[in-house]
Each structure stands twice: as structure tokens, then as C-alpha cells.
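Asker: So that we are looking at the same thing, I have put the structure below in C-alpha cells.
The values are calculated or read from the model by the stated rules, or taken from the named source; none is laboratory data. Computed from a prediction, not measured in an experiment: that's the story for all the values here. FYI the Cβ positions are ideal-geometry reconstructions off the backbone, even for glycines, and counts take in every protein chain you see. Surface accessibility is based on the protein's heavy atoms, side chains included, excluding ligands, DNA and RNA. Shrake-Rupley method; radii C 1.70, N 1.55, O 1.52, S 1.80 Å.
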Amino acid sequence: MKILLVEDEPKVASFLHKGLTEQTHAVDIATDGVTGLRLALSNPYDLLILDNLLPGLSGLDVCRQVRTQNSSVPILMLTALGETDDKIRGLDAGADDYLVKPFAFQELLARIRALVRRRHEGPTGDTVLRLVDLTLDPSRKLVQRAGQPIQLTAREFALLEYLLRNQGRVVSRVDILEQVWETSFDTGSNVIDVYINFLRKKVDKDFTPKLIHTLVGMGYVMREE
């Protein structure tokens, strides 16, 4: 994979560069937000790893600006800011995952594998998934509701695809972690809820009927209201 690492701490950048290149990834490094944004917008990366506190332009700002032009590249935020509100700000900015420093390198690799696996799989088939006026095309990575295109991050797309493939069936948070995050460890007690809310804002908020429903204590189900 071709990875862009935007990190201003030399020791951290060197450690990650060494570890990722040993995993046979090609890694470009930027030490400030402005350079990171320029590289992210001018090169076809398979993954962006962004520190939050960067000189010139914050990781959140880089993430937001990348998302205006590239809705599908996976983005992993690395930061020392680990409060729930900090995580939500990162996810709101368009990040697909959020890893708090200090972290185990093996966990970073697991997060990376989960983020990019779908991009390296072959086409899932040309069957378009439908529910009422919502359509999702797995092969072309396109989502529409009532004929209007909906822009989703890679993680949001994967979550919506999972819900649509299981429409009418209640799926638990554990199901979603294992099937969408492709891991059994908890990535944050409210991360699933945050992503469900992201989808609701994009898929349900301005449309009727509502399609994404919460069953308290059980999980989520996608069905016509």
C-alpha cells in the first residue's frame, strides 16, 4: 500500500515509518498540516494517517479538506487527545478511525488492515442493494437516496452496506464490530453510535420514510418505517 503519514514528532514518525516499511508499505512523511494536505490531494494514497496537533494546519482541518475532494480514502487519526469529545470531533471531520497515543504497533496494523481490506478485495458483485428509494452499488461505491447522490466515508459506506445486506434483521454492536470493523476489540464505547448518527444525518434526516432504527438494548435494524 501507499500510505501518507502526517506526523510532526520525529521519533514517532521514524518509528512508524520503519515499522510500516518493514510491512512492505510505501510511506511518504509530512511534518506539517499544509504539506500533508498538499500531498494528500495530489497523490493516490491507499491510506492517510494523520496526527491531530500539527503545525500550520491541524489534522482535523486536513481531514475535512481531504474529504471535500476524496470521500473514499481511509483516514486514521493518531493523537494524544483521547477524550470522547475529541474522538467525536475526529470522526465528524471525516476520519474513519481514531487511535490514541500511546498505542501498540500491532493494534495500529490491525486497524490499518480493517480499514483497507475492502479496498483490496475484488468487486463484491454488480447487485445493487435497495431499500425503498435508497440504493447502494457495491462495485461502483455509489449511494443514492431519492435519486440524490450521498457522499460517504469508507467506514460509513461499509456500515451502510452491512446494514442493507442485513435489512430487516437486528444487528448488535458486537456484530458490527466484527463484520464492519473486522475486529473483536472495542474501538470505543460510543463509536458505533456515532457512526449510526452519521449515517442517519446523511441517509435519513432529509428523507422519508426513516430507514435506520435503534432497538434499545439490542442493536440496530434497517427497514421501512
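Asker: Just the number, please: carbon plus sulfur as a percent of the accessible area of the chain, 1.4 Å probe, no ligands or DNA/RNA counted. If you can, show how the numbers build up before the last one.
Answerer: Details: 5390 of 10720 Å².
Using a 1.4 Å probe with all protein chains present, the chain comes out at 50 percent carbon and sulfur.
Asker: Which peptide among 190-197, 165-172, 99-106 comes first, and what is the full order, when sorted by highest mean count of other Cβ atoms within 10 Å? Kindly include the intermediate steps, with their values, before the conclusion.
Answerer: Numbers: 190-197: 18.0, 165-172: 14.6, 99-106: 12.2.
Those peptides, ordered most packed to least, come out 190-197, 165-172, 99-106.
Asker: Here is a further query. How large is the accessible surface per residue of the chain, computed with a 1.4 Å probe and reported in Å² as a whole number?
Answerer: On the way: 10720 Å² over 225 residues.
Accessible area per residue: 48 Å².
Asker: Related question: Between Phe105 and Met218, how many nm apart are label points set 7 Å from Cα along the C-beta direction?
Answerer: 4.6
Asker: Right, something else. Dipole of the chain (Lys/Arg Cβ +1, Asp/Glu Cβ -1, origin at the Cα centre): which of Leu159, Leu129, Ala110 lies farthest to the positive side?
Answerer: Leu129
Asker: For a Förster distance of 41 Å, can you work out the FRET efficiency between the beta-carbons of Ser172 and Gln144, rounded to the nearest 0.05?
Answerer: Working: r = 28 Å, r/R0 = 0.68.
Step by step, r from the Cβ atoms, then E = 0.90.
Asker: Let me ask something else about it. Need one number: nm distance between label points at Ser72 and Arg200, each 7 Å from Cα along Cα→Cβ, rounded to one decimal.
Answerer: Taking the simple label geometry, Ser72 and Arg200 are separated by 2.9 nm.
Asker: Where does helix 154-165 land angle-wise versus the long Cα axis of the chain, in degrees 0 to 90, nearest 10?
Answerer: 20
Asker: Further question: To the nearest 10 degrees, how steep is helix 59-69 against the longest Cα principal axis of the chain, on a 0 to 90 scale?
Answerer: With rounding to tens, the tilt is 50 degrees.
Asker: With every atom except the alpha carbons ignored, what do you get for Rg and Dmax of segment 7-75, in angstroms?
Answerer: That works out to 11.6, 32 Å for Rg and Dmax.
Asker: Given the -39500 (n - 2.57) contribution per DSSP H run of 4+ residues, what per-residue ellipticity at 222 nm results for the chain, rounded to the nearest 500 deg cm²/dmol? Spell out each step's value before the answer.
Answerer: Details: 8 runs with 87 residues, N = 225.
-11500 deg cm²/dmol, from helical runs alone.
Asker: So, one more: Hey, with R₀ at 30 Å, roughly what FRET efficiency would Leu81 and Gln179 work out to, going by the Cβ-Cβ distance, to 0.05? Please list the in-between numbers first.
Answerer: Working: r = 29 Å, r/R0 = 0.95.
The computed FRET efficiency comes out at 0.55.
Asker: Measure nothing fancy, just the Cα-based angle from helix 105-120's long axis to the longest principal axis of the chain, in degrees from 0 to 90, nearest 10.
Answerer: 50
Asker: Of Asn52, Gln144, Ala95, which is farthest towards the positive pole of the chain's charge dipole, taken about the Cα centre with +1 and -1 on the beta-carbons of Lys, Arg and Asp, Glu respectively?
Answerer: Gln144
Asker: Give Lys2/Lys202; Lys2/Lys141; Lys2/Lys210; Lys18/Lys202; Lys2/Lys87 a once-over and call out the pairs whose C-alpha atoms are over 32 Å from each other. Working shown, then result.
Answerer: Numbers: Lys2/Lys202 30 Å; Lys2/Lys141 21 Å; Lys2/Lys210 39 Å; Lys18/Lys202 39 Å; Lys2/Lys87 25 Å.
Violating the 32 Å limit, Cα to Cα: Lys2/Lys210; Lys18/Lys202.
Asker: Rounded to two decimals, what is the ratio between the C-alpha radius of gyration of segment 25-116 and 2.2 N^0.38 Å?
Answerer: It is 0.99.
Asker: Taking every DSSP beta bridge that has both residues in the chain, what percent is antiparallel when rounded to the nearest 5?
Answerer: Details: 14 of 31 bridges.
That works out to approximately 45 percent antiparallel.
Asker: How many nm separate the modelled label positions at Phe207 and Val12, each set 7 Å beyond the Cα in the direction of the Cβ?
Answerer: In this crude spin-label approximation the distance works out to 3.8 nm.
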